[in-house]
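Below is one structure, written out as structure tokens; comments come after it.
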Amino acid sequence: MELSTKHFGEPYAVRGEDNSWLGGQVHNFFATDSEDNWIRNEEKLLKMGYTKDYLTYDLNEQGFRMFKSLEDEFNEPIVCIGDSSTFGNGIRFEDIWINFLKEEGDIINLGSQGAGFITIYRLLKSWLPVIKPKAVYMAEPIQKRPEFYTGSIPHIIGENSRDMEKDFWKEYLNNDRTEGVYRSLCLDAIKNLVTEMGIRLYFLETPWDTPIFGDHGWRRNMFLTKKYVMTAAKYNSDHDQVGQIARDLLHPGSDIHSHIAQEFNHMFDNNLLYGS
């Protein structure tokens, strides 16, 4: 089946600041895990056990962090999707939660930088008919990130926007009512999409009422379920090892990713499908 871009724009994951397509490239640093961040925090990162060559970001033809093209053949494919934590900012590919799922099959990582629910719906709408997975594992993204279009290119307005876009986001989009509407609409649409295709959906919700990265709301841990949430004070005093926080000092480390997988595996073992 050919991809349709008529209503959903180009179904790719990552673009540069000038909207240049970044598919098919390998990077030593990427997005929040930038070389500037390394230079600013080099002494601390070295003490934690990180090095400049600790990881690479291998992007496939469509700009997703995986080695095969999405148009290749897969054996019993399983789609994993979320935002930059599912993409794996600041950690090695093999440490992302997608690699510790109990369900057997070829894992496809559709985690995307800056993704919100609309981005996730767009990517699933574009790629599920092509991939035809047996299951989707969806980790809740930061919610206040709607997409708008300039031509065929979807553009996310969120907490990292600049100038007038940031003012617009603060004025109209950064509130609980707007957030709740977007979330509800997209979850309903995603549920209908997978149900029509006979695909199982596992959804890991986020305890948004518990910030663990201090007072910065957008730095709340994106995946910790209430079973694993730590207080901000404890987290800020303990995150001095590789497994506890990613190399960008913003995203979850490999230890937390293993907890994410445990939660998804619990859903799989007990057939806890979203909306059932």
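The values are calculated or read from the model by the stated rules, or taken from the named source; none is laboratory data. It should be emphasised that the depicted structure is a prediction, and the values quoted were computed from it without experimental measurement. Because the Cβ atoms are built from the backbone with ideal geometry, glycine has one as well, and the counts that use them run over all protein chains shown.
Among the numbered criteria (1) part of a helix (DSSP H, G or I); (2) at pLDDT below 70; (3) aromatic (Phe, Trp, Tyr), which single criterion is violated by TYR149?
Evaluating TYR149 over (1) part of a helix (DSSP H, G or I); (2) at pLDDT below 70; (3) aromatic (Phe, Trp, Tyr) leaves (1) as the failure.
Checking GLY49 against (1) in contact with a Pro (Cβ under 7 Å, 6 or more places away or on another chain); (2) farther than 28 Å from CYS186 by Cβ; (3) of a type outside the set (A, V, I, L, M, F, W, C), only one condition comes out false. Which one?
(1)
May I ask you to verify whether ARG65 is part of a loop (DSSP other than H, G, I, E, B) and either in contact with a strand residue (DSSP E or B) (Cβ under 6 Å, 6 or more places away or on another chain) or touching a residue at least 24 places away in the same chain (Cβ under 8 Å) (or both)?
Details: part of a loop (DSSP other than H, G, I, E, B): yes; either in contact with a strand residue (DSSP E or B) (Cβ under 6 Å, 6 or more places away or on another chain) or touching a residue at least 24 places away in the same chain (Cβ under 8 Å) (or both): yes.
Criteria met by ARG65.
Here are the criteria: (1) in contact (Cβ under 8 Å) with a residue 60 or more places away in the chain; (2) part of a helix (DSSP H, G or I); (3) buried (at least 20 other Cβ atoms within 10 Å of the Cβ). Tell me which single one ASN41 does not satisfy.
(3)
When the stretch 98-123 is examined, which residues are found to be part of a helix (DSSP H, G or I) and at pLDDT 95 or above?
Step one: list which residues in the stretch 98-123 are part of a helix (DSSP H, G or I), which gives 98-100, 117-123.
Across the stretch 98-123, the qualifying residues are ILE98, ASN99, PHE100.
Just checking, which of GLY90, GLY105 is surrounded by fewer than 23 Cβ atoms within 10 Å (Cβ to Cβ) and not hydrophobic (A, V, I, L, M, F, W, C)?
Numbers: GLY90 fails: surrounded by fewer than 23 Cβ atoms within 10 Å (Cβ to Cβ).
Of the residues listed, the single one that is surrounded by fewer than 23 Cβ atoms within 10 Å (Cβ to Cβ) and not hydrophobic (A, V, I, L, M, F, W, C) is GLY105.
When you scan the stretch 1-24, how many residues do you find that are at pLDDT 60 or above and either among the charged types (D, E, K, R) or more than 27 Å from PHE117 (Cβ to Cβ) (or both)?
Count: 1.
When you check ASN75 against the structure, is it over 24 Å from GLN244 (Cα atoms), modelled with pLDDT of 95 or more and not in a strand (DSSP E or B), yes or no?
yes
Taking GLU196 as the residue in question, decide whether it is in a helix (DSSP H, G or I), at pLDDT 90 or above and surrounded by fewer than 17 Cβ atoms within 10 Å (Cβ to Cβ).
yes
What are the residue pairs meeting all of these: first residue in the stretch 23-34, first residue in contact (Cβ under 8 Å) with a residue 40 or more places away in the chain and surrounded by fewer than 17 Cβ atoms within 10 Å (Cβ to Cβ), second residue in a loop (DSSP other than H, G, I, E, B) and not acidic (Asp, Glu), Cβ atoms under 7 Å, and 6 or more apart or on different chains?
Once the first residue is in contact (Cβ under 8 Å) with a residue 40 or more places away in the chain and surrounded by fewer than 17 Cβ atoms within 10 Å (Cβ to Cβ) and sits in the stretch 23-34, its partners that are in a loop (DSSP other than H, G, I, E, B) and not acidic (Asp, Glu) give GLY23/TYR12; GLY23/LEU59; GLY23/ASN60; GLY23/GLN62; GLY23/GLY63.
Can you tell me which residues in the stretch 226-258 are in a helix (DSSP H, G or I), modelled with pLDDT under 85 and under 19 Å from the mean Cα position of the chain (by Cα)?
Listed by number, the residues that qualify are ASP255, ILE256.
I'm trying to understand the selection: among the residues of the stretch 77-95, which are among the hydrophobic types (A, V, I, L, M, F, W, C) and farther than 18 Å from TRP127 by Cβ?
Passing the criteria: ILE91, PHE93.
Does ILE91 meet the test of being part of a loop (DSSP other than H, G, I, E, B), among the β-branched types (Val, Ile, Thr) and touching a residue at least 40 places away in the same chain (Cβ under 8 Å)?
Against the criterion (part of a loop (DSSP other than H, G, I, E, B), among the β-branched types (Val, Ile, Thr) and touching a residue at least 40 places away in the same chain (Cβ under 8 Å)), ILE91 qualifies.
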